[in-house]
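For reference, the structure is listed below as structure tokens.
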Amino acid sequence: MKISVIGCGYLGAVHAATLASMGHPVVGIDVDPAKVDHLARGFAPFFEPGLDELLRDGRATGRLTFSTDFADAARAQIHFLCVGTPQSKTSDGADLSYLVTATESLLPHLSRGSAVVGKSTVPVGTVDMLGGMLAARPDVLLGWNPEFLRQGTAVKDTLVPDRLVYGVRDGRDAAFERGSGLARGVTAVLDAVYEPLLRAGIPRLVCNFATAELIKSASNAYLATKVSFINAMAELCDASGADVTELSEAMGMDPRIGNRYLHAGLGFGGGCLPKDIRSFRAQAQALDVRSVDDWMGVVDAINLGQRARTVEMAQELCGGYLAGRTVTVLGAAFKPDTDDIRDSPALDVSLQLAAAGAHVTVTDPKAINNAWMRYPQLRFETSTQRALEGAELVLLLTEWDEYRDLSPAAVGRLVRRRAMLDARNVLDASAWQAEGWTIRGLGTNPLAEVPQAEPAAPVEPAETRTVRR
């Protein structure tokens with residue numbers, strides 16, 4: 001099928017590339033010329049494993065093109081809306097202005113019998129609002145097909161998804177009005193798009209618009225709930241002397257609970273989960289559903305509280321004073337396998353440490369450029385070894401594999417003082433302790449003795465080191 005993808009950010013670029021890999025001719029439309037040029041040359045403007053290869057393959061076969069001109073989408077049989085729906089600058093609700101603008105720009109180029117299908121995460125009622133915009137085009141289908149991508153595994157999540165969700169009017173596989181002469185409905189169109197996935201046995205759910213809109217938000221809200229719950233348990237473990245890793249392992253053995261997203265640590269961030277649960281809460285407020293409103297407020301507060309707890313533990317490991325301490329932060333991205341720094345817990349903690357007077361050096365395998373451009377007040381180092389030199393405290397805040405695999409003996413020869421705060425609870429604490437390290441986690445070893453820290457040595461702020469790609 002001839003397909004257009006409107007909006008070529010994270011979601012749109014991945015969706016366009018994977019659809020082309022299934023054999024469809026795809027044009028990606030975006031208003032950012034620099035982004036379009038980057039994608040057209042076969043390179044993603046962000047880091048996502050496997051995406052560059054798909055982009056180059058799509059370019060080589062001629063199935064994948066990119067443009068800034070909406071007219072280039074005119075002959076497509078289906079148009080996927082993949083624009084961003086960020087948190088509003090004035091409220092917790094979603095900002096739908098990009099979605100509205102994209103739909104308005106697409107309207108003059110819709111052909112008879114084509115379908116407009118959204119993939120963005122949106123509040124309930126958004127599809128009906130877009131339906132109003134399309135009211136003058138009864139010959140165009142409207143549907144919703146929410147995405148369930150995870151950054152770092154987005155290509156795999158698209159090519160081998162857990163499920164496909166089709167939102168159609170009234171939850172029925174309705175085509176156009178009787179007498180229009182057009183027989184296919186949204187379900188038939190999407191079945192044609194995803195035919196390789198359906199043939200592979202991927203389950204499909206057809207539901208009404210409101211359900212399709214809520215499924216993504218409800219899923220993210222539940223995942224956020226699991227993360228915040230186990231982090232609340234970590235705080236309880238710190239207060240009682242229990243170990244949250246053993247607690248979560250035992251809980252996860254219960255098939256009713258499961259162990260996924262039940263790992264205590266610094267908490268979640270990124271461009272999706274935080275803004276989605278706040279939008280979900282705003283929807284609940286608008287619909288006067290206080291239980292969801294209150295629930296999401298607690299989940300959000302616990303998550304943000306983990307960052308403050310991490311700073312407090314860092315201060316404790318520095319003998320009660322952060323001012324003048326040389327601190328190294330391992331990680332800037334909000335999670336491993338991405339260069340996305342939106343709402344990054346690691347950078348939030350780094351800023352709080354710097355505000356308390358610590359001399360903070362941040363390193364990361366992929367996100368240094370993005371972080372430096374956004375937070376020039378911090379010091380950044382591309383080399384893990386150089387970042388660790390002379391540190392009085394090391395914080396592991398993003399669980400990249402290369403940080404998990406660090407040798408405690410080798411790192412010990414670089415630092416000034418062997419103190420580690422593993423805020424992701426991924427290191428083998430016994431191995432680090434055997435090399436003379438004082439190591440703390442969140443909810444894992446609260447009774448460990450913290451040696452008295454030496455007075456802070458005067459440290460001149462180092463020049464920021466950056467590397468440009």
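Restricting the range 74-84 to residues that are in contact with a Lys or Arg (Cβ under 9 Å, 6 or more places away or on another chain) and buried (at least 23 other Cβ atoms within 10 Å of the Cβ), the residue that is nearest to Val189 (Cα to Cα) is Ile78.
The residues of the range 432-452 that are in contact with an Asp or Glu (Cβ under 7 Å, 6 or more places away or on another chain) and either modelled with pLDDT under 95 or in a loop (DSSP other than H, G, I, E, B) (or both), listed by number, are Gly443, Thr444, Pro446, Val450.
Filtered by the rule that a residue be of a type outside the set (A, V, I, L, M, F, W, C), in a loop (DSSP other than H, G, I, E, B) and buried (at least 19 other Cβ atoms within 10 Å of the Cβ), the range 94-122 gives Ser114, Lys119, Ser120, Thr121.
Given the criterion on the phi < 0 side of the Ramachandran plot, touching a residue at least 40 places away in the same chain (Cβ under 8 Å) and not assigned by TED's automatic domain parsing to the domain that holds Ala286, identify the matching residue among Ala34, Ala102. If you could, list the steps in order and put the result at the bottom.
On the way: Ala34 fails: touching a residue at least 40 places away in the same chain (Cβ under 8 Å).
None of the others qualify; the one that does is Ala102.
Name every residue in the range 280-305 that is of a type outside the set (Phe, Trp, Tyr) and touching a helix residue (DSSP H, G or I) at 6+ places or on another chain (Cβ under 7 Å), in order of residue number. Within the range 280-305, Arg281, Ala284, Gln285, Val292, Asp293, Met296, Gly297, Val299, Asp300, Ile302, Asn303 qualify. Going by the structure shown, is His24 in the same structural domain as Val186 (by TED's automatic domain parsing), within 30 Å of Ile277 (Cβ to Cβ) and in contact with a strand residue (DSSP E or B) (Cβ under 7 Å, 6 or more places away or on another chain)? No.
Picking from Ala232, Ala301, Ala218, which residue would you name as being within 23 Å of Gly118 (Cβ to Cβ) and assigned to a helix (DSSP H, G or I)?
Ala218
What are the pairs, 6+ residues apart or on separate chains, where a residue within the range 214-242 that is in contact (Cβ under 8 Å) with a residue 60 or more places away in the chain and over 25 Å from Leu287 (Cα atoms) has its Cβ under 6 Å from a residue that is β-branched (Val, Ile, Thr) and in a helix (DSSP H, G or I)? Sorted first by the residue in the range 214-242, then by its partner, the pairs are Asn231/Ile302; Ala232/Ile302; Met233/Val244; Ala234/Val244; Cys237/Val244.
Please pick out the residue among Arg386, Arg374, Arg404 that is within 26 Å of Arg278 (Cβ to Cβ), surrounded by fewer than 21 Cβ atoms within 10 Å (Cβ to Cβ) and among the basic types (Lys, Arg).
One residue alone meets the criteria, Arg374.
How about the range 26-50: which of its residues are assigned to a helix (DSSP H, G or I) and basic (Lys, Arg)? Matches in the range 26-50: Lys35 only.
Between Ala232, Ala239, the distinction of being at pLDDT below 95 and out of contact with any Ser or Thr (no Cβ under 8 Å at 6 or more places or on another chain) belongs to Ala239 only. I'd like the residue in the range 27-37 that is out of contact with any strand residue (DSSP E or B) (no Cβ under 9 Å at 6 or more places or on another chain) and either hydrophobic (A, V, I, L, M, F, W, C) or farther than 19 Å from Ala71 by Cα (or both) and, out of all such residues, is surrounded by the most Cβ atoms within 10 Å (Cβ to Cβ). Ranking the qualifying residues of the range 27-37, first place goes to Val31.
The residue list Ser228, Ser279 contains one member that is within 24 Å of Val292 (Cβ to Cβ), in contact with a strand residue (DSSP E or B) (Cβ under 8 Å, 6 or more places away or on another chain) and assigned by TED's automatic domain parsing to the domain that holds Ala332, which is Ser279. Taking only pairs six or more apart or across chains, which ones have beta-carbon atoms under 8 Å, a first residue in the range 344-362 that is over 14 Å from Leu397 (Cβ atoms), and a second residue that is modelled with pLDDT of 95 or more and not in a loop (DSSP other than H, G, I, E, B)? Note: pairs meeting the criteria are Ala356/Val311; Ala356/Gln315; His359/Thr326; His359/Val327; His359/Arg379.
Can Ala423 be described as farther than 28 Å from Thr338 by Cβ, among the hydrophobic types (A, V, I, L, M, F, W, C) and at pLDDT 95 or above? Even if it seems obvious, please write down each step before you answer.
Working: farther than 28 Å from Thr338 by Cβ: no; among the hydrophobic types (A, V, I, L, M, F, W, C): yes; at pLDDT 95 or above: yes.
Answer is no for this residue.
The set of residues in the range 135-147 that are surrounded by 17 or more Cβ atoms within 10 Å (Cβ to Cβ) and either among the polar types (S, T, N, Q) or more than 14 Å from Cys207 (Cα to Cα) (or both) comprises Val140, Leu141, Asn145, Glu147. Among residues of the range 389-401 being closer than 23 Å to Arg342 by Cα and either not hydrophobic (A, V, I, L, M, F, W, C) or not assigned by TED's automatic domain parsing to the domain that holds Val327 (or both), the one that is surrounded by the most Cβ atoms within 10 Å (Cβ to Cβ) is Thr398. For Ala284, the requirement of being surrounded by fewer than 16 Cβ atoms within 10 Å (Cβ to Cβ), among the aliphatic types (A, V, I, L, M) and free of Cβ contacts under 8 Å to residues at least 60 places away in the same chain is not met.
The values are calculated or read from the model by the stated rules, or taken from the named source; none is laboratory data. Quick caveat, the model's predicted, so the values are computed rather than measured. Quick reminder, even Gly has a Cβ in these numbers, built from the backbone with ideal geometry, and neighbours come from all protein chains shown.
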